[in-house]
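Okay, handing you the structure first.
The values are calculated or read from the model by the stated rules, or taken from the named source; none is laboratory data. Bear in mind that the values here come from a model prediction, so they are computed numbers and not experimental data. Here the Cβ positions follow ideal geometry from the backbone for every residue, glycine too, while neighbour counts run over all protein chains shown.
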Amino acid sequence: IAKGIEWAANNGAKVISMSLGGPSSIMNVVVERSVKKAIQKDVVLVGAMGNSGKEEQMVPACINGVIAVGATDDKDIKASFSTFGAHMTVSAPGVQILSSFPTYEVALTQYGFPKDYAKLSGTSMATPGSTWQETSTARHCTWSSGTRRSAPTPCSTRQRWKIQRCSHGRGRFG
């Protein structure tokens, strides 16, 4: 994960979407260092909160400066599986999202997936929507001072504030 973040940041990425993660108990300082270096280059990092349904911290979403994304259902309320916590920045639809995951005759067909494209659920499905929001709709918001999460550069702070502002206050499922 750390090498991927560094490669993307060093090769011009402006936004890194991370639909992945693991328990903070196995948090590697190398991942945190890579995140901080990317933020210093004004890269916006968006990470999935996890799918435990509990209040806990998952890496890299719990690293300060990462836009941490929870999932909502079709009624725009917290999805039962969505991990949550004070570090969550935004939430987005994450239940039965049509994916590009192929389900034609492949190894997964033997596990009951239909031969089509799958509808998947998870904060990993909510994260791309928030990443899209960051790259497209956030520029239409008016920036003003203040952000709940700290970031080392004004540009990153502004971008984080915009995505929170554009998410209609759904940050903590509130």
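Looking only at the stretch 21-80, count every residue that is without any contact (Cβ under 8 Å) to a residue 24 or more places away in the chain and either closer than 23 Å to Asn11 by Cβ or in a helix (DSSP H, G or I) (or both) and tell me the total. Don't jump to the end; show me each part of the working.
To start, the set of residues in the stretch 21-80 that are without any contact (Cβ under 8 Å) to a residue 24 or more places away in the chain comprises 25, 29, 68, 73-75.
Restricting the remaining residues to those that are either closer than 23 Å to Asn11 by Cβ or in a helix (DSSP H, G or I) (or both) gives 25, 29.
Selection size over the stretch 21-80: 2.
So, one more: Across the stretch 3-18, what is the total count of residues that are part of a loop (DSSP other than H, G, I, E, B) and touching a Pro at 6+ places or on another chain (Cβ under 7 Å)? Can you show your working first?
At the first step, the residues of the stretch 3-18 found to be part of a loop (DSSP other than H, G, I, E, B) are 11-14.
Right, trim to touching a Pro at 6+ places or on another chain (Cβ under 7 Å) and you get none.
Total satisfying the criteria: 0.
For the stretch 87-120, which residues satisfy the criterion of being crowded, with 16+ Cβ neighbours inside 10 Å and more than 20 Å from Asp74 (Cβ to Cβ)?
Once the filter is applied, which keeps residues that are crowded, with 16+ Cβ neighbours inside 10 Å and more than 20 Å from Asp74 (Cβ to Cβ), the stretch 87-120 yields His87, Thr89, Thr103, Phe113.
Next up: Quick check on Ala13: is it surrounded by 19 or more Cβ atoms within 10 Å (Cβ to Cβ) and modelled with pLDDT under 95?
no
Continuing with this model, one more query. Please pick out the residue among Val29, Val69 that is modelled with pLDDT under 90 and hydrophobic (A, V, I, L, M, F, W, C).
Working: Val69 fails: modelled with pLDDT under 90.
On inspection, the qualifying residue turns out to be Val29.
Applying the selection to the stretch 52-63, what residues are more than 12 Å from the chain's Cα centre (by Cα) and closer than 20 Å to Ile16 by Cβ? Walk me through it before giving the result.
Residues of the stretch 52-63 that are more than 12 Å from the chain's Cα centre (by Cα), as a first pass: 52-57.
Result: Gln57, single match.
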